[in-house]
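Here's the structure, in structure tokens; my notes come after.
The values are calculated or read from the model by the stated rules, or taken from the named source; none is laboratory data. Here the structure is a predicted model, which is why all the values come from computation and not from measurement. In this analysis, Cβ positions are derived from the backbone assuming ideal geometry, glycine residues included, and neighbour counts consider all displayed protein chains. Ligands, DNA and RNA are stripped out before the accessible areas are found, and what is left, the full protein with its side chains, is counted by its heavy atoms. Shrake-Rupley method; radii C 1.70, N 1.55, O 1.52, S 1.80 Å.
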Amino acid sequence: MTRPVRRVFQGRQDQVACARDFVRRVIGCCAVLDEAILLTSELCTNALQHTASGNGGFFEVTVYRGRDSLR
């Protein structure tokens, strides 16, 4: 597994697109890229809606890439 790649985003709805772009760039070519981007969008949106992240907070996205896995 690779070293984790992390980025912190401000807790604003417009940052969900930035998080998707971050994941896209970190992962690169991958058979499950579309699924990873969709899941990123869902998780970031949920964080904004259901935690203090959406009230002026922050959220973090961390990507682990293995030879045959993503996390």
THR2: passes all of (1) touching a residue at least 60 places away in the same chain (Cβ under 8 Å); (2) surrounded by 14 or more Cβ atoms within 10 Å (Cβ to Cβ); (3) among the β-branched types (Val, Ile, Thr) but (2)
Identity of the residue in segment 12-71, in a strand (DSSP E or B) and open to solvent by 90 Å² or more (accessible area, probe 1.4 Å), that ends up farthest from MET1 (Cα to Cα): PHE58
Is at least one residue of segment 64-71 charged (D, E, K, R) and modelled with pLDDT of 95 or more? no
